[in-house]
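The values are calculated or read from the model by the stated rules, or taken from the named source; none is laboratory data. Because the structure is predicted, anything quoted here is derived from the model rather than measured. Counting neighbours? That spans all protein chains shown, and the Cβs are built from the backbone with ideal geometry, glycine included.
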Amino acid sequence: MFVLCATANFAQSLSFNLFLHFPGYLARLGADEVQIGFIFGLTAFAGIAARPPVGRVMDRRGRRGVILSGGVINVLACALYLGVASIGPAIYAIRILHGLAEALLFSSLFTLAADLVPPARRTEGLAWFGASGMLPIALAGLLGDALLARFDYFALFATSVGLAVVSLGLSLTLRDRAPTAGPREPSRGFLAALVQRDLLPLWWIGTVFSIGIASVFIFTKTFVMRTGIGSVGAFFSAYSGAALVVRLTAGWLPDRIGPARVLYPSLAILSLGLALLAYASTPMHVLVAGLCCGAGHGFVFPILSGMVVTRAREADRGSVLAIFTALFDAGVLVGGPSLGAVIRAAGYPVMYGVAALWIACGSAVFVAWERRR
């Protein structure tokens, strides 16, 4: 069941990550970086707004219904891009619908995977599941480059529809994990999970992390278009390749020596990668930056995931992981427009420098908070 869940996640992640190239289409339609950030922010806003009811439904009725609903909406949203020809109300509505689909799928597939992983190997298991979301980043970058070189954005959108259909088909056979033996404690609800004291530092660093990586997931395409340095496919191949290597060869490390001992250096490596992008002037610089960013991301996400699941009550797991996955939408919502504004005012090097400094300072706050706790 875990492998099937990961495979469904792989297909939907590949569909979604083809939209790493979407900023290029928006730029072709006349959007600047601030508008692009706003349009991506709409998707994130929809995802955040959907999380409270999604978390409640998962805790009370299980994960499967949410997975299937998200799959159907995802197919519809991807198909609607085929008719987009201008910046206007239609594209805003489609981005909101796509954000809803991603909120449903990301939250529910991730929560089902967490249900299936043995507690003693939680970080390692979530790292393996996370690989099903990281590999599509590289493949989507390369596949998008190939499709756009030979065809056009219509082919890109059509491919995303096909992958969304595959994910939905695979999801039809997924089932919720049987409840644990003994009396089940009641869920306290979304708000109680949000304000749980030992989870607050994790909400903070998750938000810091998500805003930092928004700088590459939203603006790498336009960075390459404006500067002519590197390529989207090469950067994200290095990024996801490094993340996969650390997860598949050293995913056991946080469970063995403690998550904090791996988390802090990983955040520093991520910050270094963003700083390297600020000074990039050759394709090799971009590749090295991608390797650093990916290596950092490869450990940070599963470690934070494991810490969140460990500190959460099992009855609140759906709500807690809905909040955790919403942090990545929050990063796009905040980081998209604000980092786009930095680009317009001062350029890409300054923006990536700001993102690197944000990760470094936010990590320092997290370390102090955890030590106090």
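Okay, here's what the table says:
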quantity: Meets criteria (free of Cβ contacts under 8 Å to residues at least 60 places away in the same chain, farther than 19 Å from L20 by Cα, among the hydrophobic types (A, V, I, L, M, F, W, C) and touching a helix residue (DSSP H, G or I) at 6+ places or on another chain (Cβ under 6 Å)) for A101; calculated: no
quantity: Matching residues, the stretch 338-365, being closer than 21 Å to Q35 by Cα and of a type in the set (A, V, I, L, M, F, W, C); calculated: L339, A341, V342, I343, A345, A346, V350, M351, V354, A355
quantity: Helices (runs of 4 or more DSSP H) enclosed by the stretch 237-315 - at least 3 residues per element that are touching a residue at least 12 places away in the same chain (Cβ under 8 Å) and touching a Cys at 6+ places or on another chain (Cβ under 7 Å); calculated: 259-278
quantity: S107 being surrounded by fewer than 20 Cβ atoms within 10 Å (Cβ to Cβ) and either closer than 27 Å to F38 by Cβ or at pLDDT below 85 (or both); calculated: no
quantity: Number of the condition not met by D329 [criteria: (1) out of contact with any Gly (no Cβ under 8 Å at 6 or more places or on another chain); (2) over 19 Å from A131 (Cβ atoms)]; calculated: (1)
quantity: Residues within the stretch 216-233 that are surrounded by fewer than 19 Cβ atoms within 10 Å (Cβ to Cβ) and without any contact (Cβ under 8 Å) to a residue 60 or more places away in the chain, tallied; calculated: 2
quantity: Residue ID - farthest from A346 (Cα to Cα), chosen from residues in the stretch 270-307 that are of a type in the set (V, I, T) and either surrounded by 22 or more Cβ atoms within 10 Å (Cβ to Cβ) or touching a strand residue (DSSP E or B) at 6+ places or on another chain (Cβ under 9 Å) (or both); calculated: I303
quantity: The stretch 194-214, residues that are among the β-branched types (V, I, T) and crowded, with 18+ Cβ neighbours inside 10 Å; calculated: I205, T207, V208, I211, I213
quantity: Single residue of I323, I343 found to be surrounded by 24 or more Cβ atoms within 10 Å (Cβ to Cβ), out of contact with any Gly (no Cβ under 8 Å at 6 or more places or on another chain) and either over 26 Å from A242 (Cα atoms) or in contact (Cβ under 8 Å) with a residue 12 or more places away in the chain (or both); calculated: I343
quantity: Any hit, the stretch 134-155, residues being assigned to a helix (DSSP H, G or I) and closer than 24 Å to R64 by Cβ; calculated: yes
quantity: D145 being out of contact with any Gly (no Cβ under 8 Å at 6 or more places or on another chain) and of a type in the set (D, E); calculated: no
quantity: Options G347, G331; residue that is out of contact with any Leu (no Cβ under 9 Å at 6 or more places or on another chain) and at positive phi; calculated: G347
quantity: Tally, over the stretch 260-269, of residues that are charged (D, E, K, R) and buried (at least 18 other Cβ atoms within 10 Å of the Cβ); calculated: 0
quantity: Matching residues in the stretch 81-130 - criterion: being closer than 30 Å to R28 by Cα and either charged (D, E, K, R) or touching a Pro at 6+ places or on another chain (Cβ under 7 Å) (or both); calculated: R95, E102
quantity: Set S108, S86: member being hydroxyl-bearing (S, T, Y) and under 28 Å from V309 (Cα atoms); calculated: S108
quantity: Which numbered condition R95 fails, given (1) assigned to a helix (DSSP H, G or I); (2) surrounded by fewer than 22 Cβ atoms within 10 Å (Cβ to Cβ); calculated: (2)
